[in-house]
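As structure tokens, the structure follows; a few thoughts come after it.
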Amino acid sequence: PPLFLALILGALLLARLPLLCYAQFNPDEAWTLSAAMRVQADPIAYRSFDPSTSGPLNIYVQSIPAWFGLPLTYISSRLIGITLVFGTLAFLWFTYRRFLTERLAGLALMPTYCFYLFAWDSDFVHCSSEHVAVFLGAVAVYLLARDFQSGSSTSLFRTGALGALA
């Protein structure tokens with residue numbers, strides 16, 4: 001499993017490497033980055049920045065490099081997008097592994113993986129608000145599959161928490 005995940009990440013990074021420095025301006029990406037730059041001064045959403053329909057979670061995720069003293073640039077935004085895509089693929093694979101063999105789980109992951117691997121449109125390569133939502137959805141599906149497989153009757157609270165997460 002670690003080798004499979006490393007190969008998935010490596011191929012994803014290799015496919016997106018030319019797009020890290022892609023010079024095409026995307027207004028959504030610029031708006032999200034400008035809001036993330038204001039998080040350092042005041043982290044309260046709707047007072048310091050307006051997340052609009054994206055929601056504050058997306059802005060907070062974009063501001064993670066600034067927490068470590070790194071600059072917020074288009075490259076950092078796209079690296080965060082790659083990380084979220086990798087997390088989505090990893091949690092989907094973990095979910096598939098709960099119900100299928102490892103080979104079948106890898107095969108079931110391939111359509112989603114190929115979509116992310118060969119997506120070159122600027123709306124798919126920058127860290128959009130959909131990356132965060134799809135990642136959280138994949139985490140919720142994995143946790144629901146884990147609870148379903150455990151078969152415990154005390155998982156009502158956890159299932160409610162997963163519904164709130166989704």
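The values are calculated or read from the model by the stated rules, or taken from the named source; none is laboratory data. These numbers were taken from a predicted model, which means no experiment stands behind them. Counting neighbours? That spans all protein chains shown, and the Cβs are built from the backbone with ideal geometry, glycine included. Please note that ligands, DNA and RNA were not included when accessible areas were found on the heavy atoms of the full protein model with its side chains. Shrake-Rupley method; radii C 1.70, N 1.55, O 1.52, S 1.80 Å.
Would you say ILE64 is aliphatic (A, V, I, L, M), surrounded by 12 or more Cβ atoms within 10 Å (Cβ to Cβ), in contact with a Pro (Cβ under 9 Å, 6 or more places away or on another chain) and at pLDDT 90 or above?
Working: aliphatic (A, V, I, L, M): yes; surrounded by 12 or more Cβ atoms within 10 Å (Cβ to Cβ): yes; in contact with a Pro (Cβ under 9 Å, 6 or more places away or on another chain): no; at pLDDT 90 or above: yes.
In short, no.
For ALA35, state whether it is crowded, with 17+ Cβ neighbours inside 10 Å and either among the acidic types (Asp, Glu) or over 17 Å from the mean Cα position of the chain (by Cα) (or both).
Considered against the rule, which asks whether it is crowded, with 17+ Cβ neighbours inside 10 Å and either among the acidic types (Asp, Glu) or over 17 Å from the mean Cα position of the chain (by Cα) (or both), ALA35 comes out as yes.
From the list SER48, SER63, pick out the single residue that is closer than 25 Å to VAL139 by Cα and either touching a His at 6+ places or on another chain (Cβ under 7 Å) or small (Gly, Ala, Ser) (or both). Reasoning before the result, please.
Details: SER48 fails: closer than 25 Å to VAL139 by Cα.
So the residue among SER48, SER63 that is closer than 25 Å to VAL139 by Cα and either touching a His at 6+ places or on another chain (Cβ under 7 Å) or small (Gly, Ala, Ser) (or both) is SER63.
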Inset, instruction - All but one of (1) under 30 Å from CYS21 (Cβ atoms); (2) modelled with pLDDT under 90 hold for ALA138, so report the exception by its number. - result: (2)
Inset, instruction - Could you tell me which residue of region 41-60 is nearest to HIS131 (Cα to Cα), considering only residues that are modelled with pLDDT under 85 and among the polar types (S, T, N, Q)? - result: SER54
Inset, instruction - Looking only at region 22-29, decide whether some residue is open to solvent by 30 Å² or more (accessible area, probe 1.4 Å) and at pLDDT 90 or above. - result: no
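Select, from ALA119, ALA105, the only residue that is modelled with pLDDT under 95, of a type outside the set (S, T, N, Q) and under 12 Å from LEU12 (Cα atoms). Let's see the steps before the verdict.
Working: ALA105 fails: under 12 Å from LEU12 (Cα atoms).
Only one candidate passes the filter, namely ALA119.
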Inset, instruction - Could you grab the pairs with beta carbons closer than 6 Å, sequence gap of 6+ or different chains, first residue in region 30-44 and within 9 Å of SER63 (Cα to Cα), second one assigned to a helix (DSSP H, G or I)? - result: LEU33/SER77; ALA35/ILE59; ALA36/ILE59; ALA36/GLN62; GLN40/ALA66
Inset, instruction - Output the number of residues of region 141-159 satisfying the condition of being at pLDDT below 85 and either hydroxyl-bearing (Ser, Thr, Tyr) or open to solvent by 80 Å² or more (accessible area, probe 1.4 Å) (or both). - result: 12
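I'd like to check something: does region 76-90 contain any residue that is polar (S, T, N, Q), free of Cβ contacts under 8 Å to residues at least 40 places away in the same chain and crowded, with 20+ Cβ neighbours inside 10 Å?
Going residue by residue through region 76-90, those that are polar (S, T, N, Q) are 76-77, 83, 88.
Applying the additional criterion that residues be free of Cβ contacts under 8 Å to residues at least 40 places away in the same chain yields 76, 83.
Imposing the further condition that a residue be crowded, with 20+ Cβ neighbours inside 10 Å reduces the set to 76.
Checked region 76-90: at least one residue is polar (S, T, N, Q), free of Cβ contacts under 8 Å to residues at least 40 places away in the same chain and crowded, with 20+ Cβ neighbours inside 10 Å.
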